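Values quoted throughout were computed directly from the atomic coordinates according to the rules given, and no laboratory measurement underlies them. What you see is a predicted model; the values in this text were computed from it and never measured. Here the Cβ positions follow ideal geometry from the backbone for every residue, glycine too, while neighbour counts run over all protein chains shown.
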Amino acid sequence: MHEVIRNVTDRIIERSAPTRALYLERIRAASVHGVNRQRLGCSNLAHAMAPMNEREKNALSHMTQPNIGIVTAYNDMLSAHEPYKLYPALIKRTLMDLGATAQVAGGVPAMCDGVTQSQPGMELSLFSRDNIAMGTAIALSHNVYDGALYLGICDKIVPGLLIGALAFGHLPALFVPAGPMPSGISNAEKAKIRQGYAIGAVSEDALLKAEAASYHSSGTCTFYGTANSNQMLLEMMGLQLPNGSFVNTNTPLREALTQEAARTLLTLIEGRGEYKPIGGLIDERSFVNAIVGLMATGGSTNHTIHLIAMAKAAGIWLNWDDFDAVSKVTPLLCRMYPNGQADVNHFRDAGGMSVVISQLLEGGLVHSDVETVVGRGLERYIVEPSISNGAFGFMSGARLSRDTGVISSLAEPFSDEGGLKLLCGNLGRSIIKTSALKPAGYMIEADAIVFESQEELQSAFKRGELERDFIAVVRFQGPKANGMPELHGLMPPLGLLQDRGFHVAVVTDGRMSGASGKVPSAIHLTPEAAKGGILAKVMNGDRMRLDVENGTLELLVSAEELESRTMLHPDLSGNRHGFGRELFSTIRASVSSAEEGGSIFDTVGKERG
């Protein structure tokens, strides 16, 4: 085991000891021998099984066979979630053949950040994660389930489902993906057309045609953003079937994987196999493995928020120092858009997670002796699913990449360090994605130009006011201010300015997500401007220095000068209503900082002592 990985794990275990012990004790208290519906009275049970057919009712009433809850994020507006319309019936048939039953316990909301980018609805995106967690809890609250299957893929949906699943940590659980869409036009071509539109060289019709050629069918978007980072994390944590995340949707192999997921869950349930509740199956080592996977693959910056919130739900405390320490010793093994031109289909064809996990195990960078849904040991994930002679199975997986331009090796990584880095200084703490940065982006010192929204920056760009070196300060974009929307609207104009030879960067208390790329972006700045952060005192013309190599972000203004300045308190009332935002006022009022998970939950935190 690599010394740094071991030390980080030990620190997490030590700081989490009181709350983790409390969490595990609560799981033990919630567990029962036999099926959970034995706790119900006859009237309760009659309500629960009223819509079932006679065969299913007979199975439930005999109190011997498990009943599985399905929590689904299905809707037919998200391309990634549209295939789920067929999954419940398939799962029910598969389980019924094995003597078990299943019910759709409930549905949870699933919004598409691609649809809401730069729209008011995007201000509900981060908050939707905790709403999904609560919806999961409501779905499972009927207490007639002995295990659960979670159908979800995209950005906030998987973290929300996992937080909800951990609240029912005494139940075995397994996550079921639906797979990516086939590849569309190249990412390079798409980015070129977007930049052309930003300067008026490409028409809106041509832009829509290009976008529709990229996002063109059912399935996950193929770039390596938060949705596909979710799938990688679930495999690194052993909560999803091995190397199955990126099998294309609506294929025979995808259907076979879904059936296998249902069969596998039964092996985790008492009386059908070795009882493995999700709250005990994953531990501190599972989360460290997830962080290592994030760094090795160049995954989404959103997970510096989500992983903290997910871990907290299991009584485990992560912080950005953990991410930074892991990143410094984890080589970057993958090149997928936005830090390369390949997509997740190319990644799968190069060997996918089998190669990544094999390399990480070889380097002692991940914990091998962990529990997973397919048994003990992460080595079980060095396989590939297949159908041979009509039978589904896992065959030995690739240990070396079939395409070294997409997945490299420990011997020849794309970078000696991972894809994310912590920046600290007098403004606070922030995260920067480094996997797509060129060397020129590692150190920028320039004057600040201050904006209160991404729309202000776009307008200044169109007026020709940004043709110079500068650092864009985009503030009052944190959880407390407006729900921390992703600021993708910054990238086309700033990318164009960078291509013209200007040195530009972003400093913001907002999010940029897995799609941030070549423009240096210090994001998630904590404390945020709306909670008294120094960012609220920055003025146009202030000198700033962003130094990736040394991990610093400094406002080059004296402490005395900053002390004399008044903290800005802009009118944020425009972010408080419309598009349902008024319904989330209590979340805005109580949400934690980005480094604390941007969450309203305190699960076992108050007992931390």
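How many times 2.2 N^0.38 Å is the alpha carbon radius of gyration of the chain?
Compared with the compact-globule rule of thumb, the chain sits at 0.95.
For the peptides 395-406, 489-500, what is the packing order when you average, over each peptide's residues, the other Cβ atoms within 10 Å and list the highest mean first?
Per-residue mean Cβ counts within 10 Å order the peptides as 489-500, 395-406.
For the charge dipole of the chain, defined by +1 on Lys and Arg C-beta atoms and -1 on Asp and Glu C-beta atoms about the Cα centroid, which residue among G147, L562, V373 has the Cα displaced farthest towards the positive pole?
G147
Please identify every one of the GluC sites (Glu not before Pro) in segment 208-277 that sits in a loop by DSSP and has no more than 13 other beta carbons within 10 Å of its own beta carbon.
E274
Relative contact order of the chain, please, whole-number percent, based on alpha carbon pairs below 8 angstrom and at least 6 residues apart. Before the final figure, lay out each step's value.
Numbers: 1321 pairs, mean separation 91.7, N = 609.
Relative contact order for the chain comes out at 15 percent.
Select from segment 525-609 those trypsin sites (Lys or Arg not before Pro) which occupy a DSSP coil region and have at most 11 other Cβ atoms within 10 Å, ordered by residue number. Please list the in-between numbers first.
On the way: sites: K531, K537, R543, R545, R565, R576, R581, R588, K606, R608; in loops: R565, R576.
In loop regions of segment 525-609 (DSSP not H, G, I, E or B), there are no sparsely surrounded trypsin sites (Lys or Arg not before Pro).
Among I449, I68, I138, rank each residue by its count of other Cβ atoms within 10 Å, from fewest to most, as a rough exposure measure.
Least crowded to most crowded, the residues run I138, I449, I68.
Check cross-link reach from K312 to the aspartates and glutamates: straight Cα distance under 17 Å, and skip same-chain residues fewer than eight apart.
D10, E14, E25, D130, D283, E284, D321, D322, E595, E596, D602, E607
Would you be so kind as to identify which of V32, N426, N131 lies farthest towards the positive end of the dipole of the chain, taking Lys and Arg as +1 and Asp and Glu as -1 on Cβ and the Cα centre as origin?
The Cα lying farthest towards the positive end belongs to V32.
Using only the C-alpha atoms of segment 78-220, find the volume of their convex hull and express it per residue in Å³. Before the final figure, lay out each step's value.
Values: hull volume 16.7 nm³, N = 143.
Measuring per residue, one finds 117 Å³ for the Cα hull of segment 78-220.
How big is the charge dipole of segment 286-412 about its Cα centre, in debye rounded to the nearest 20, if each Lys and Arg gets +1 on its Cβ and each Asp and Glu gets -1 on its Cβ?
140
Jot down the radius of gyration and Dmax of segment 420-570, Cα atoms only, both in angstrom.
When restricted to Cα atoms, segment 420-570 yields Rg and Dmax of 13.9, 38 Å.
I need the phi-derived Karplus couplings for segment 569-583: 6.51 cos²θ - 1.76 cosθ + 1.60, θ = phi - 60°, integer Hz, Gly and Pro marked x.
10, x, 7, 9, 4, x, 9, 9, 8, x, 6, x, 5, 5, 6
Taking every DSSP beta bridge that has both residues in the chain, what percent is antiparallel when rounded to the nearest 5? Write out the running numbers ahead of the final one.
On the way: 28 of 58 bridges.
Bridges in the chain are about 50 percent antiparallel.
So the label point goes 7 Å from the Cα of L253 along Cα→C-beta, right? Which residues of segment 345-371 then have their backbone N under 20 Å from it?
From segment 345-371, the list is 345-359.
Each label point is 7 Å from the Cα along the Cα-to-Cβ direction; what then is the distance between the points at A50 and E467, in nm?
The two pseudo-label positions are separated by 7.1 nm.
With 10 Å bins from zero, work out the P(r) of segment 296-413 over every alpha carbon pair and list the percent per bin.
P(r) over segment 296-413, rounded to whole percents: 12, 35, 38, 13, 1.
Relative to the Cα centre, what is the charge dipole magnitude of the chain, using +1 at the beta carbon of each Lys and Arg, -1 at the beta carbon of each Asp and Glu, and rounding to the nearest 20 debye?
1220
Within the set K276/K531; K276/K421; K156/K209; K209/K531, which residue pairs have Cα atoms separated by over 30 Å?
The pairs that break the limit, which is 30 Å between Cα atoms, are K276/K531; K276/K421; K209/K531.
What's the magnitude of the charge dipole for segment 420-570 around its Cα centre, counting Lys and Arg as +1 and Asp and Glu as -1 at the beta-carbon? Answer in Debye, nearest 20.
On the way: 17 positive and 19 negative charges, 84 e Å.
Dipole about the Cα centre, nearest 20: 400 debye.
With equal scatterers on the alpha carbons only and no solvent term, can you work out the Debye log10 of I(q)/I(0) for segment 128-168 at 0.23, 0.33 1/Å?
Per q value, in the given order, log10 I(q)/I(0) is -0.66, -1.19.
Mind listing the long-range amide H neighbours of M443? Cut-off is under 5 Å, sequence gap 5 or more, other chains count too, H placed in the peptide plane at 1.01 Å from N.
Answer set, sorted by chain and number: V548.
Have a look at H47, G200, G495 and report the one farthest towards the positive end of the charge dipole of the chain, computed about the Cα centre with Cβ charges (Lys/Arg +1, Asp/Glu -1).
H47
Can you list which of the GluC sites (Glu not before Pro) found in segment 474-575 are DSSP loop residues with at most 11 other C-beta atoms within 10 Å?
Taking segment 474-575 and a limit of 11 other Cβ atoms within 10 Å, the loop GluC sites (Glu not before Pro) found are E549.
Place a label point 7 angstrom from the Cα of S459 along the Cα-to-Cβ direction, then list the residues of segment 558-602 whose backbone nitrogen is under 17 Å away.
570-575
List the residues whose amide H sits under 5 Å from the amide H of G418, counting only those 5 or more places along or on another chain, with H placed 1.01 Å from N in the peptide plane.
Those lying under 5 Å, H to H, from G418 are K328, V329, T330.
Can you tell me which aspartates and glutamates have their Cα less than 12 Å from the Cα of K537? Leave out same-chain residues fewer than eight positions away.
The qualifying aspartates and glutamates are E528, E561, E563.
Which aspartates and glutamates, if any, have their Cα less than 12 Å from the Cα of K85, not counting same-chain residues under 8 positions apart?
Candidates past the 8-residue exclusion: D76.
Neighbouring Cβ atoms within 10 Å as the yardstick, rank R272, R348, R28 fewest first.
The most exposed by this proxy come first: R28, R272, R348.
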